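Participant: Dropping the structure in here first, questions after.
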Ligand SMILES: [Mg+2]
C-alpha cells in the first residue's frame, strides 16, 4: 500500500506514555476522527479508556467522527452500537466505506450501472444514494462466459457470499472495459479468534486475472474518505487528529492528509511496529483516555 515510502515528515511531538512531557506542545485540535474496530471497541465491548476519553473530548467541545472500512452494516447500526457501549452517536456521526462510495458516485457519476460483489447492506446503501445496481445475470450459466450486459462499473467489497458467478461476471465486465471500484481493500477482517478474508484478496484476484488496476478506492487510506470525513467535520486537516490502531490505513491516511495522528495500542499495532516506521505517528497512546491530556493546553 506504499506505507513508509513517503519519507520522513516533521514530527509535532513524539510522545509515549513513559516520557509524557509536563507541558506538551500540541497543535490546536478541534476535531477527531476515530477508527472503530480495535480503537473504540473490540467485538461487543468498548476498549478500556474509550468511553472516558471520547466523553471528555466532547465535554471540551471537540467534534468527533467515527470511520469504518467495513461495508457490512448501515451507519445507523454503528451509531446504535456506539450508543449501547456508552458513546452516544447518531448515524451522521459515522461514515463507512460503503457510504463514502455511494455518496461520491451519487455526486460525480450518478448514471453508472454498477455490478457489485458485495452483501445486501452495500446494495441498499448504493441504491439509497439513487445509484443503479445491476442484478445477477442468473439466466446465464456461471460456468460459461457471462455476457455482462450494460455494466459500466464493477464494485468490489467485503462479501461473505462471494461465489464463482460473481467472480466470473466481474471478470467479464472488467475485460470489456468496465470501471473498477472498491469500498475497501483490507486483506482480512479481525474477528474473535482470528480473522476472515476481506475484499483485498478479491481485488487482487481480479487485478491478477485481468491485468487491470483498481480505479477508485473509497475506504481508508484513500483521499476520498479523508475528504468526506473533513467535510463532515467542517474543519481543515491541520485542526484534526486521526486516531486508529492500524498504521498502514488509519495513520497513513491521517499523515497523507496532513492531520495529526495518534496510534492506539489497543488493536493490531505494537510499539515495535511503530518504532520501525520512517514516518511514525505523532502520538502513541495506550488507550483513548490519554487523548484529553494531549490537547490539555486548551483547557485553560
Ligand atoms: Mg481498526
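The values are calculated or read from the model by the stated rules, or taken from the named source; none is laboratory data. Please read these numbers as outputs of a predicted model, since none were measured by experiment. Don't worry about glycine lacking a Cβ; one is built from the backbone with ideal geometry, like all the others, and counts go over all protein chains shown.
Participant: Can you run down the residue pairs with Cβ atoms below 7 Å, 6 or more apart or on separate chains, where the first is in segment 267-283 and in the same structural domain as residue 190 (by TED's automatic domain parsing) and the partner is assigned to a helix (DSSP H, G or I) and away from the ligand (no atom under 14 Å from the Cβ)?
Facilitator: Close Cβ pairs satisfying both conditions: none exist.
Participant: Next question. Out of 165, 149, 127, which single residue is surrounded by fewer than 24 Cβ atoms within 10 Å (Cβ to Cβ) and touching a residue at least 24 places away in the same chain (Cβ under 8 Å)?
Facilitator: 165
Participant: In this structure, is residue 192 in contact (Cβ under 8 Å) with a residue 60 or more places away in the chain, within 16 Å of the ligand (Cβ to nearest atom) and either under 20 Å from residue 123 (Cβ atoms) or crowded, with 19+ Cβ neighbours inside 10 Å (or both)?
Facilitator: No; evaluated as a whole, the condition is false for this residue.
Participant: Do we find that residue 261 is surrounded by fewer than 22 Cβ atoms within 10 Å (Cβ to Cβ), modelled with pLDDT of 95 or more, within 16 Å of the ligand (Cβ to nearest atom) and not assigned by TED's automatic domain parsing to the domain that holds residue 170 in this structure?
Facilitator: On the way: surrounded by fewer than 22 Cβ atoms within 10 Å (Cβ to Cβ): no; modelled with pLDDT of 95 or more: yes; within 16 Å of the ligand (Cβ to nearest atom): yes; not assigned by TED's automatic domain parsing to the domain that holds residue 170: yes.
Taking the combined requirement at face value, the residue does not satisfy it.
Participant: Residue by residue through segment 172-193, note down the ones that are in contact with a helix residue (DSSP H, G or I) (Cβ under 7 Å, 6 or more places away or on another chain), closer than 30 Å to residue 95 by Cβ and part of a helix (DSSP H, G or I).
Facilitator: 174 - this is the single residue of segment 172-193 that is in contact with a helix residue (DSSP H, G or I) (Cβ under 7 Å, 6 or more places away or on another chain), closer than 30 Å to residue 95 by Cβ and part of a helix (DSSP H, G or I).
Participant: Also, quick follow-up: Would it be correct to say that residue 292 is more than 16 Å from the ligand (Cβ to nearest atom) and not in a loop (DSSP other than H, G, I, E, B)?
Facilitator: Taking the combined requirement at face value, the residue satisfies it.
Participant: Considering only residues of segment 241-258 that are part of a helix (DSSP H, G or I) and within 14 Å of the ligand (Cβ to nearest atom), which is nearest to residue 28 (Cα to Cα)?
Facilitator: My answer is 254.
Participant: For segment 194-208, name all the residues that are part of a helix (DSSP H, G or I) and touching a strand residue (DSSP E or B) at 6+ places or on another chain (Cβ under 6 Å).
Facilitator: Within segment 194-208, 202, 203 meet the criteria.
Participant: Now for a separate question. State the number of residues belonging to segment 264-279 that are touching a strand residue (DSSP E or B) at 6+ places or on another chain (Cβ under 8 Å) and either surrounded by 20 or more Cβ atoms within 10 Å (Cβ to Cβ) or within 18 Å of residue 41 (Cα to Cα) (or both).
Facilitator: Narrowing segment 264-279 to residues touching a strand residue (DSSP E or B) at 6+ places or on another chain (Cβ under 8 Å): 264-269, 271, 274.
Now narrow it down to the ones that are either surrounded by 20 or more Cβ atoms within 10 Å (Cβ to Cβ) or within 18 Å of residue 41 (Cα to Cα) (or both): 264-269.
Residues meeting the conditions: 6.
Participant: Hey, does segment 231-240 have a residue that's within 16 Å of the ligand (Cβ to nearest atom) and modelled with pLDDT of 95 or more?
Facilitator: No, segment 231-240 has no match at all.
Participant: Among the numbered criteria (1) more than 14 Å from residue 117 (Cβ to Cβ); (2) within 16 Å of the ligand (Cβ to nearest atom), which one does residue 215 miss?
Facilitator: (2)
Participant: Another question, if that's okay. Please verify whether residue 205 is assigned by TED's automatic domain parsing to the domain that holds residue 151, touching a helix residue (DSSP H, G or I) at 6+ places or on another chain (Cβ under 8 Å), within 16 Å of the ligand (Cβ to nearest atom) and modelled with pLDDT of 95 or more, treating the condition exactly as stated.
Facilitator: No; evaluated as a whole, the condition is false for this residue.
Participant: Turning to a different aspect of this structure: Under the condition of being outside any helix (DSSP H, G or I) and surrounded by fewer than 19 Cβ atoms within 10 Å (Cβ to Cβ), which residue from segment 76-111 is farthest from the chain's Cα centre (by Cα)?
Facilitator: 111
Participant: Suppose the filter is touching a residue at least 40 places away in the same chain (Cβ under 8 Å) and either assigned to a loop (DSSP other than H, G, I, E, B) or surrounded by 13 or more Cβ atoms within 10 Å (Cβ to Cβ) (or both); does residue 67 pass it?
Facilitator: Against the criterion (touching a residue at least 40 places away in the same chain (Cβ under 8 Å) and either assigned to a loop (DSSP other than H, G, I, E, B) or surrounded by 13 or more Cβ atoms within 10 Å (Cβ to Cβ) (or both)), residue 67 qualifies.
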